[in-house]
Amino acid sequence: MKLRLINTALAAACACLMAFSQSAVAGQTLRLAHTAAVSHAHHQAAQLFAKNVEERTQGEIQVEVYPSGELGDQPALAEQVTMGALDMAVVSLGNMAMYSKKLNAMTAPFLFENYDEAHRAIDGYVMGWMNEGLADYDCVGLSMFDYGFRQTTTQGVEIHSADDLKGLKIRVPPSTGLLAAFDALGANTQRIAYSELYTSLKQGVVVGEENPVFTILADSLYETQDQLAMTNHYFDCQVLLINKTVFESLSEDEQKILQEEAVKAQNLTRELIANGEAEVVKELQAKGMNVTYPDRQSFIDKMGPAYEKVGELSGKEEMQELLVAIKLVNQK
C-alpha cells in the first residue's frame, strides 16, 4: 500500500512536471529594451511590434517592452543582446561599431541630404552591409528605426553658419562622427552622459547640445535652450537588434513574422519622424525656441578632418565603399 502511494505520488509529480515543461515551451516571451522616452516614436514602434507579433503568433510569442533605459544605456543593451542576456534592443549604429568597426562609417556627418536619400540607402545597402559586419557576433538586425536628423541647440547664441559654433562649449555623444564633426568646426566638445545632460544644460556646464527635434521635445531640452539651429548634420538611425541564437530557435514562420513586423515598426518610425518633423519644430517654437536655418555648405566645407578621422576608425576602404554605395543607390 505504501509503495503504491509512493508510485502514485511520483506519477503525479512527473505529470505535473511534464505539463509545466509543455506549457513552458508552448509560449515564449521576448524582452525588447530601448532608451527612448515613452512619448517617443520608438516606443510606439516597439509597442506596435509587440502587439502584432503576439496577434500573429496567437500568443505563442509575447514581447515585453522596456522603455526609457530601464535595462541600461545603449552600449549595455547591445552587450546584453550579443551575450544572450537580453533578447532584443534598439541600438544606434555608433554603439554597434564596437563590434564591427566598419559601422563607424555610418557615423560620418552629412551623409544624406534628406530622409528619402537615407531610406533608400538603408533599404538598398546598409542593412545587408551591417549584418555582414555583425556576422561573428550573436546578433542580427531586423530593421532600422528612424531617429531623425540631428540638430543643434544653444542658449543665447544664434547659429547661422559653421563659424558661429567655434569655441562653443557643446555636449556631443561619444559617436565617432559626431565628435569628429564638432571638433572640425572648432567647438569645445564635452562628453557628458545623456542622463546628466539636462542638469548640465540647466547649470550652464555647457552652452549647447545636439539631438533630433523629437528628443529635444520629448526630453524637455527646450526648457534649457532657447535656440534651435536646423543643421541636419547627421542622420541618426537605430537598429532593431535580436539575439541570433534566439532568432534561429524560432520556426521559419515565426522568423518571417518577426521580420515582417520589424519592418512595419520601422515604417511607423519613418512616418512619424520624417513626416512629423515640421510639426515638432512648430511646437518647439511655440515653447519659446528661436529657429534658424544655417548655411549647410559652410559646415560641409569644414568636414575634411572629420571624414579623415572616421575613415581611420572604420577603415578607409570601408568608408569609400559606403560612400560609393550610397551614391549608386540614390542614382537609381
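Read-outs throughout are calculated quantities, based only on the coordinates presented, and are distinct from any laboratory measurement. Model, not experiment: these values are computed from the prediction. Backbone-built Cβ (ideal geometry, glycine too); neighbour counts: all protein chains shown.
Starting from 0.36 nm per residue, how many nanometres of slack lie between Glu117 and Asn290 once their C-alpha separation is accounted for?
Gain in length upon complete extension: 59.5 nm.
If each of Thr199 and Asn131 carries a label point 7 Å out from its Cα toward its Cβ, how far apart are those two points in nm?
Output for this residue pair reads 4.2 nm.
If you count, for each residue, the other Cβ atoms within 10 Å and average over each peptide, how do 256-264, 280-288, 306-314 line up from highest to lowest?
Top of the packing list down: 306-314, 256-264, 280-288.
Mean Kyte-Doolittle of at least 1.0 and a Cα length of 18 Å or more along the axis: which whole DSSP H helices of the chain meet both?
Helices meeting the span and hydropathy rule in the chain are 2-26.
Can you tell me the length gained on complete extension of the stretch Met98 to Asp253, counting 0.36 nm per residue apart and subtracting the Cα distance?
Taking Met98 through Asp253 to full extension adds about 52.6 nm, to one decimal.
Going by average Cβ neighbours within 10 Å, how do the peptides 48-60, 163-175, 234-246 rank, with the highest at the top?
234-246, 163-175, 48-60
Identify which of the listed values of Rg and Dmax of the Cα atoms in Å was calculated from the structure shown: (1) 23.1, 94; (2) 22.0, 83; (3) 18.8, 61.
Here the calculated entry is (1).
Measure off 7 Å from each Cα along the Cα-to-Cβ vector at Glu312 and Gln28, then give the distance between these two points in nanometres to one decimal.
Distance between the two pseudo-spin positions: 4.4 nm.
Roughly speaking, what is the stretch gain from Glu279 to Val263, that is 0.36 nm per residue apart minus the C-alpha to C-alpha distance, in nm to one decimal?
3.3 nm
As a quick test, which of the pairs Lys102/Lys202; Lys51/Lys332; Lys101/Lys244; Lys169/Lys316 have an alpha carbon distance above 28 angstrom in this structure?
Table pairs above 28 Å Cα-Cα are Lys102/Lys202; Lys51/Lys332; Lys169/Lys316.
When only C-alpha pairs under 8 Å and at least 6 residues apart count, what is the relative contact order of region 161-268, in percent?
Relative CO of region 161-268 lands at 20 percent.
Any chance you could check the Cα centroid distance between region 83-129 and region 178-220 for me, in angstrom?
With region 83-129 and region 178-220 each reduced to a Cα centre, they are spaced 21 Å.
Using a Gaussian network model of the chain whose springs link C-alpha atoms within less than 10 Å, name the residue from Tyr194, Tyr222, Tyr115 with the highest mean-square fluctuation.
Tyr194
Considering the chain as a Gaussian network with a 10 Å cut-off on Cα pairs, which listed residue, Ala278, Ala118, Ala37, attains the greatest mean-square fluctuation?
Taking springs between Cα atoms under 10 Å, the residue moving most is Ala278.
Could you work out [θ]222 nm for the chain from helices alone, using -39500 (n - 2.57) per DSSP H run of at least four and dividing by all its residues? Round to the nearest 500 deg cm²/dmol.
Result for the chain, helices only: -14000 deg cm²/dmol.
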